[in-house]
1. Please go through region A:1-34 and pick out each residue that is touching a residue at least 60 places away in the same chain (Cβ under 8 Å) and surrounded by fewer than 13 Cβ atoms within 10 Å (Cβ to Cβ).
2. Do the conditions hold for A:LYS80, that is, is it under 15 Å from the mean Cα position of the chain (by Cα) and of a type in the set (Lys, Arg)?
3. Which one of A:TYR171, A:TYR149, A:TYR226 is free of Cβ contacts under 8 Å to residues at least 60 places away in the same chain and aromatic (Phe, Trp, Tyr)?
4. Name the residue, out of A:ARG37, A:ARG41, that is at pLDDT 95 or above, surrounded by fewer than 16 Cβ atoms within 10 Å (Cβ to Cβ) and farther than 23 Å from A:ASP115 by Cα.
5. Can you name the number of the only condition in (1) farther than 26 Å from A:THR256 by Cβ; (2) away from chain B (no Cβ under 14 Å); (3) among the β-branched types (Val, Ile, Thr); (4) surrounded by 18 or more Cβ atoms within 10 Å (Cβ to Cβ) that A:VAL138 fails?
6. Hey, does region A:215-238 have a residue that's under 30 Å from B:THR122 (Cα atoms), at pLDDT 95 or above and of a type in the set (Phe, Trp, Tyr)?
7. Answer yes if at least one residue in region A:157-165 is part of a loop (DSSP other than H, G, I, E, B), under 30 Å from B:GLU100 (Cα atoms) and among the charged types (D, E, K, R), and no otherwise.
8. Name the residue, out of B:ARG39, B:ARG45, that is surrounded by fewer than 22 Cβ atoms within 10 Å (Cβ to Cβ), at negative phi, at pLDDT below 95 and charged (D, E, K, R).
Amino acid sequence: MDELRKKARALLEAGEVRVVIGYGGGTGDRARAIFVREPERADELIFDGRCRQNLAIYLTRREVKELGKPAIVATLPALKTVLQLAGEFQIAEGGLVVLAPGADGSLIEFKTFADIEKYLAGAASPIDPAEQAEMDRVRAMSPDERWKYWLGQISRCIKCYACRQACPMCYCPRCTVECNQPQWIPVPSHELGNLEWNVMRAMHLAGRCVDCGDCSRACPVGIPLYLLNRVLIGDIESNFHQRAGMKAEVDYALSTFHPDDRENFIR
Amino acid sequence: MPEFEPRIVAFVCNWCTYAGADLTGTSRIKYSPNVEVIRFPCTGRIDFMLLLKAFAEGADGIIISGCHPNDCHYTSGNFHARRRWILFRGLLDFMGIDVERVQFSWVSAAEGAKWADVVNTTVEAVRKLGPYENFRKIDRAGAV
């Protein structure tokens with residue numbers, strides 16, 4: 001933590017960055033995103049197990065971009081997000097400083113996207129055992145049970161779109177749900193519209209989702225959105241051998257193809 | 001009780017399957033009248049949401065058909081579509097949506113007989129599955 005604060009202070013003092021996007025103390029025992037613009041406020045930065053939000057979401061937000069060049073405190077999913085955003089031409093090399101604090105108080109400063117690629121190639125991305133158990137449970141269900149399971153889940157959706165707001169890859173200034181000619185997604189939160197929205201959200205993130213899990217954590221009714229994301233991530237990996245957030249270049253599964261892509265259902 | 005007549009919606013590309021379906025007709029090949037054909041410029045244009053909309057509007061089955069790989073009028077639209085369907089089909093299956101009701105096929109402009117066969121087999125398969133009650137029963141209170 002001291003390393004992080006020292007580095008943040010130095011960056012701000014040298015004018016190398018205008019804002020440090022990091023974690024600070026929030027309400028109660030929570031950590032929340034803070035935007036440090038003055039060197040003397042660098043001591044407000046914290047980093048511990050509570051710091052889970054993917055801060056890379058702020059890199060594409062107009063209000064944050066207007067502050068000037070940022071430094072970002074990045075967790076593992078945030079590092080992937082940085083590469084994915086770079087691959088989608090949303091951020092540029094040299095346009096930000098990436099700081100990755102370790103649990104032991106160490107700090108890695110990534111100078112280039114290539115360094116992040118190298119780091120991620122050797123880093124494991126553990127999956128929460130409880131979440132994996134839920135995935136196995138749903139996969140083992142019959143199609144009818146799966147339908148009932150998901151109908152039960154999406155009938156609780158209140159269409160608040162918090163999943164979209166929390167998602168660092170949902171940066172379209174005008175989302176399809178705001179289009180009403182045609183109205184792809186009905187406004188009221190009935191089951192049909194909720195189903196359509198959740199399918200659309202998952203599909204629009206197919207090949208782009210870095211599996212940070214912020215959508216699931218943002219959901220006020222606790223819909224396990226990570227399941228939908230992971231099904232697509234798994235299918236992309238097994239069919240197309242691609243994974244989002246591993247390269248800072250265009251590597252989007254659905255914008256490319258291979259003439260030898262295999263399936264077993266087209267006659 | 002009258003026998004259940006499945007309602008099948010076919011999303012087809014303009015250059016191959018639509019022309020193929022035309023050939024079916026000009027060849028005087030008789031096939032099931034349960035299909036409603038919707039013409040698209042390319043399979044690459046067929047948004048996955050259209051499938052959900054078709055089910056929501058009462059389709060019991062869906063056919064998606066276009067040019068064979070390497071035959072796309074736009075060179076690669078069907079290759080992109082194929083990737084999309086691989087992922088979308090997996091997602092639908094995971095959500096318990098009946099993927100047996102969705103038939104994908106490549107039908108060229110010269111395959112009038114194949115088109116008749118694709119439609120007939122799909123209609124019979126869906127007839128066995130029955131009406132898509134799951135989607136009909138889904139709550140849409142407040143829908144316009």
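1. Within region A:1-34, A:ASP2, A:GLU16 qualify.
2. On the way: under 15 Å from the mean Cα position of the chain (by Cα): yes; of a type in the set (Lys, Arg): yes.
Criteria met by A:LYS80.
3. Values: A:TYR171 fails: free of Cβ contacts under 8 Å to residues at least 60 places away in the same chain; A:TYR226 fails: free of Cβ contacts under 8 Å to residues at least 60 places away in the same chain.
Only one candidate qualifies: A:TYR149.
4. On the way: A:ARG41 fails: surrounded by fewer than 16 Cβ atoms within 10 Å (Cβ to Cβ).
Checking each option against the conditions leaves just A:ARG37.
5. (2)
6. no
7. Within region A:157-165 (the criterion being part of a loop (DSSP other than H, G, I, E, B), under 30 Å from B:GLU100 (Cα atoms) and among the charged types (D, E, K, R)), the answer is yes, since at least one residue qualifies.
8. Values: B:ARG39 fails: at pLDDT below 95.
On inspection, the qualifying residue turns out to be B:ARG45.
The values are calculated or read from the model by the stated rules, or taken from the named source; none is laboratory data. Model, not experiment: these values are computed from the prediction. Positions of Cβ are generated from backbone atoms using ideal geometry, with glycine treated the same way; all protein chains shown enter the neighbour counts.
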